[in-house]
Structure formats: C-alpha cells, structure tokens
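Each remark here refers to the structure printed beneath this line.
The values are calculated or read from the model by the stated rules, or taken from the named source; none is laboratory data. Everything numeric here is computed off the predicted structure, so don't read it as measured data. As a convention, Cβ positions derive from the backbone with ideal geometry for all residues, glycine included, and neighbour counts pool all protein chains shown. Only protein heavy atoms, including side chains, enter the accessible area calculation; ligands, DNA and RNA are left aside. Shrake-Rupley method; radii C 1.70, N 1.55, O 1.52, S 1.80 Å.
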Amino acid sequence: MNSDEQIIAGCLEGKRKAFNLLFRKHAPVMLGVCMRYCKNRIDAEDVMQDGFIKVFTQISKFRKEGSFEGWIKRIMINAAIDNYQSNLKHAFHADVSELEEAISIGDDEDLENDIPDHLNIGKETLMQMIQALPDGYRVVFNLYAIENFSHKEIASILGISENTSKTQLLKARKALRKKIEETIRYQYINRVAI
Amino acid sequence: MNTKNKIDDLFKEAMAGYRIEPSFSLWRRIERRFFPPSKFSPSGLITSIFLLIIAGSMPWILIPANKYEDKEPNIPAENARRGYMIKPATLTQSLSDQTNTKQIAQVFSVEPVIYEASPASASSLTDAADTKDLYLASANDPADDPSILPLISAMNDQKTIREKKNTEPVDKYTPEWIHRMTSRKTGLMNTTVTSEDLPAHRENHITSTFSPYYERSYFKATEFSFGASFIPTVVFYDPNPSNQMLGGEAIVRIDMSGFRISSGIGYSRMQDIGSYRIDYKSYDSVGYFLDVVSFSVDPKNPDNIVLLLREEAIYDSVPHYTITEKNNSYSYIDIPVSLGYTFLNKGRISLTVQAGMKFSWLINKNEPVVDFSVSNGELIGIERQVPARAGTNWRFTAGLDMGYLLTDRLSLHLEPVFEQYISPVYVKQTGYKPRKPIVTGMKAGIFFKL
C-alpha cells in the first residue's frame, strides 16, 4: 500500500495504517509549505494539523483530476490562510488600503537591480527570511511569488483590494531584498576575515 | 500572469520540494482525533496502580539497608580490623546470707565490631585477653582467641551468657573502635501527562469515547497538568553500602509541542545512624594485693607463723571511651526543576526523557540525646563522629518518564530516576571524606491535566 491510489482507498475504508502512510509520505513537504506561511515551527505544525484533519475528513471529495499532492498542498494553503485570517481577528491592523497611496515604495524594477544572478544562500536562511516578514506580507508573497496566484485571486482569497495585495508584495520584496543584502554583506565580511 | 522577479524566483526555486520532518507528537495528535483510545476500564486502573506500586517499591525491597557488619569504619582502611565485642548488658547484685559476700551476675552480649588497630589498642587487647577479669573485645578471630570462643559459641546458639564473679565487675569496654554512620537520602521526581485538543472548526464529528473536555481541548499545543509522585530511592555512598530514602512531590508541568517544563515542591525523609564517642572515667580494679587478715603460731612448729590472707582488689580512676549509635532522622524540602522531551507518544503510552536540577533544604532533624549509662562511670565528654548534615544540597537529576493515559485527563506515570549530588551531603569535617553520592530509584505518580 504505497501508491496514492492504494492509500486513498485505505483511508476511505478508515484504515489507521493508510492514514499513517499518507501522513508519513506527505507530511515533510507539507510542513515545508506551512512553514512558509507561519512565523515559527509551532504555528506551522498547528496549521498542518488542521490541514491533515481536513485531508482525512474530505478525502472522499478528491476527484483525481490533478495530483494528490497538489490537492493536499491546496488544503494546507487554505488552512494557513484560515489561520492567518483567524489571527487577524485578534490583532489590531491598520487598513492598509487607506494608507497605500501615501506610502512611497519605489519602482519595483529597482528592487532587483543589485541582486546577483547566483546567490549562495541556504534554503533554511531563505525560509527564516520569509518567516520574519509581517504576517500580511508573508501571505501575499507566498501566494503571488511561490504559488503563482494573481493579485486578483489573492484579493479574492484574502478579502482585500488588488492594490493592497500589490503594495504588500512590494513591501515584502523590499524587506527580503534588505535581508538578502545583509546576508551577502555578512558572507563577504566572513570571507575576507578568513 | 505574474511578472517574473529575481527575488520571487530565488525563493520559489529554494522552496520547491522543501521538506521538514514533523515532530513525533504531531501524528499522535492527528491519529487520536480519528482513532481515540478505547474506553477506560476500572480494572485497568486497578491493575495499573498495583503494578506501579510494585514497580516503584522494587528498589526499596531489593536493595537492603546497611547492616551493622557492612558499615565502613570512619578510619583509614589499612588500620581497620574486625573483631568481637562483649558488652555487659545487665547487672544484678545480691548479698549472700551464708558467706556475707556480694554476688555479682553479669549478662553479656557479643557483637561484631570494626575498630582501629593502633599500637595502644593492640597492647590493650593483648592485656585484656590475658586478664581473667576483663571481658573485652578480641582483636583476633574467635578461633584464635580461646578466651572469647565459648562466648561466641554461646551467642551463636542464642544462649544468654552469664558470668558470676566474686569481685566487683570490671567495667571496661573494647579498645578503640569506631564504625561509621549509615545515612539515608531522598529523591524527588516529576511525571507527565500529554493530551490533545480539538480543532476549533471541525467539519465532521468523529465519535469519541472521551469526555467533552477531551473533545474541546483535543488540539491544544500547550498543556498544563499537576500531579503527585511517590519516590522510594536508594543512595549509593560509594564506596560505602547503600541506604534507602523515601519522598514525595507535588509537580506542575507544561507540555508544549513535545517539550516539557516541570517544577514543584517535595518532601523527603531519611534515617541516618549517628555515631558518637563517649569519653568517661571509672573507678576500676587495676590489680590486687594480699591482705593479712590474721596470723598465728603453728602449734606443731612454733618457728612458723601461719598467715590468713585475703585478696583485696586495687581500684583507680581509669579513662575509657566507647562508641554509641543513635537513629537520627532528617527531613528535607525539595524543589525540582526539569526539562524534557517526549519522543514517543502512541495510544495511551508516552515516553519522555527528562533532566534538571533539584535543590534540597534541610528543614528538620531529629537527633536523640546520647545517654550515658555506665555504672561507676563519670562522663568526660561526648564527641560526634559523623559530620553534621549540610543545610542545603544541589543534585543533578535525570529520568525516563513512562506515562499511561487512564482517561483524557488522568494518567499514571512510572519513572526510573538517576541523581548525582553536586554538593556534599555533610558539612566539611577534617579527616572525613566529602560524600557526593548517586541516587537511583523509581518514581511512581499520578497526574491530572488542567
């Protein structure tokens, strides 16, 4: 029972072993996905827990039209967005859409002028950079840059305006660029010191 | 269509296929959402409690406390000797009507002792063995010491040893001998409960055998619990024999994503044999002389004078000392703090490794007054042979907590524990080796999740 079809069949029959196999097979990648949407590992595991509960309870709805992993990943992203929106209710947030006109972000093209073509930055470091972003920036950046959603789709999913989505994406890129520059500078200093 | 961007590409490429292994507890939390443990049965609880009590008491039962013979003397090993001591236990006096002489009946007991061999004591023993009136300790094996052998045989046959004498008994004890104290120490512990929580927005209700509380709290990442533990332990005073210690703890615990922080307060009590040297002097017989009661001229041979002699004992004040023991007890307040990680959490069973520190504070000591009861003896002074207990102690603690979930809130725990004293258990005393013993035992407890 190693193929996705067999695992799905086992899950539909309520077999504990199938549940476990599904989890063991997909959990590491899905935790990587959830980590991108959360500040830390603890939050990411909570999100993934919610996601797998949905996977197991809704597995009968999987139409086999796309890949099983893609379907699970979409559920995880939804769980992450649910978690983000749930946290919004408990926190004070300025209405970004009202402020966006007043904020000067600069030309998007300028943001990548100084980025070298080949960077030697580890995946863990890049993950930490994403996690360090403010919640809104992080979610928009993930959806746009990594999941390939359009600003229109993001606006619909998050219940914000397209301009807000664009603004948050630009701010996220700016913040990431700053962190990348700091990392490159740190690596250069270390190399010279050695 | 998204516009291509270097930063986007950099992160998209790096995050593709990014994998992180989830923690052990995550699958358990999900699994128990769909496959909750079977219903709790009272017979299982009774069996579990019984097994925990048995297991927790095993070190207490299997490792005996110090025996007198096993105690290490507080003397250099090269000077330590084993011997036997005859102690006068009771003394009765009566006056004979016919002879008008005092009859003294002395009852003795014989005990093995460890003493320090020194030139003074060796000569004293030799003298004692050669002197009829001195029923003292023997430095030799009984087989090599004819004077003591009958007494040893009588003791082995559980007979009362009696000796009647016509003179005042010589109240001398064995030469220098010291045996060390025994000590008992405490150990403490903590245990753990883990549980799960329910999603805030569940879509399908899965029937659970657990309570509504369990359903509500199923997926909480952080859990608070409290409990109590019973801790029988054994203290190893290397190279000395072991001692037993008994304690209990009340613990508060926080479990968070597999990690655990626990602390609380405990009470422990131990027994410790206190050894005291009693110096005294007594008016003893140091020899005798022949007293001329009367004399007369021999009628058959007038050149001879017949003397009627009588033995008279000579007494003098002789210094002695003896060692006596008292069963002291000490009570401690313990404050343990530990960190742990739950590496196995399956069904009702959980395993957690824990390590931390424990602070002990001596709050009460019961040291009975040393009584002096040697007939004709005058007390010179009493000296403590065993150092006093230190007021505070630090210990390193480690253990493997094995938890068994009885209900959604209640769990039983069994934990083999190891402790290492960081500070000595006794105050510093010249000539006495600092003791930093190790402690092993089994902690048994019950915890309740808040």
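In table form, for the structure just shown:
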quantity: Top positive-direction residue, dipole computed over segment B:344-450 with Cβ charges, set B:Tyr426, B:Leu379, B:Val439; calculated: B:Val439
quantity: Accessible surface buried once B binds A (1.4 Å probe; total of both sides; Å²); calculated: 4200 Å²
quantity: Shielded by partner chains, segment B:22-36 residues - at least 10 Å² of accessible area, 1.4 Å probe, vs chain alone; calculated: B:Pro22, B:Ser23, B:Leu26, B:Trp27, B:Arg29, B:Ile30, B:Glu31, B:Arg33, B:Phe34, B:Phe35
quantity: Burial ranking of peptide ranges A:154-164, A:133-143 (average Cβ count within 10 Å, highest at the top); calculated: A:133-143, A:154-164
quantity: Peptide A:124-131, shielding by other chains (average Cβ, 10 Å cutoff); calculated: 3
quantity: Unit charges on C-beta of K, R, D, E only; dipole of segment A:4-86, Debye; calculated: 140 debye
quantity: Average partner coverage of A:33-41, which counts Cβ from other chains inside 10 Å; calculated: 2
quantity: Potential lengthening between B:Leu400 and B:Ser57 on full extension [0.36 nm per residue; Cα-Cα distance subtracted]; calculated: 121.8 nm
quantity: Furthest towards positive pole of dipole, B:Gly274, B:Val318, B:Ile305, structure part segment B:246-347, Cβ charges; calculated: B:Gly274
quantity: Percent carbon-and-sulfur accessible area, segment A:4-86, ignoring ligands, DNA and RNA, probe 1.4 Å; calculated: 44 percent
quantity: Listed residue (A:Val29, A:Ile8, A:Ile81) projecting farthest to the positive dipole end of segment A:4-86, Cβ model; calculated: A:Ile8
quantity: Amide H contacts under 5 Å for B:Ser423, placed H, 5+ residues apart; calculated: B:Trp394
quantity: Shielding by other protein chains, B:281-292, mean Cβ within 10 Å; calculated: 0
